[in-house]
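To start, the structure under review is shown below, and the notes come after it.
The values are calculated or read from the model by the stated rules, or taken from the named source; none is laboratory data. Everything numeric in this text was worked out from a predicted model, so none of it was measured. Virtual Cβ from ideal backbone geometry, glycine too; neighbours counted across all protein chains shown.
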Amino acid sequence: MRVVLHIVTRANDALAAATIATQQKRPEAQVKVVDLTAPEPDYAKLLEEIFAADSVAVW
């Protein structure tokens, strides 16, 4: 299964939300989202997720 990581850097990004929603519907993809707009992002976890993903998109 292909792992896709989305890193969200802007709150309420309609394009990112639409793209993520579309990819989440695909059975062959495992979609993970890291929200850097959260009060205290977990950067150690982010680093692990980046290296575990097959592709990374930053919004």
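Taking the residues in segment 12-45 that are surrounded by 10 or more Cβ atoms within 10 Å (Cβ to Cβ) and assigned to a loop (DSSP other than H, G, I, E, B) as candidates, determine which candidate is modelled with the lowest pLDDT.
38
Could you check how many residues of segment 46-59 are within 16 Å of residue 35 (Cβ to Cβ) and not in a helix (DSSP H, G or I)?
Our first condition is that a residue be within 16 Å of residue 35 (Cβ to Cβ); within segment 46-59, this holds for 46-50, 53, 56-59.
Those still in the list that are not in a helix (DSSP H, G or I) too: 53, 56-59.
Matching residues across segment 46-59 total 5.
Can you say whether residue 8 is surrounded by 15 or more Cβ atoms within 10 Å (Cβ to Cβ) and in contact (Cβ under 8 Å) with a residue 12 or more places away in the chain, as far as the supplied structure shows? Show your work before the answer.
On the way: surrounded by 15 or more Cβ atoms within 10 Å (Cβ to Cβ): yes; in contact (Cβ under 8 Å) with a residue 12 or more places away in the chain: yes.
Taking the combined requirement at face value, the residue satisfies it.
Of (1) surrounded by 15 or more Cβ atoms within 10 Å (Cβ to Cβ); (2) of a type in the set (Gly, Ala, Ser); (3) out of contact with any Leu (no Cβ under 6 Å at 6 or more places or on another chain), residue 55 satisfies all except one. Which?
With (1) surrounded by 15 or more Cβ atoms within 10 Å (Cβ to Cβ); (2) of a type in the set (Gly, Ala, Ser); (3) out of contact with any Leu (no Cβ under 6 Å at 6 or more places or on another chain) applied to residue 55, the lone miss is (1).
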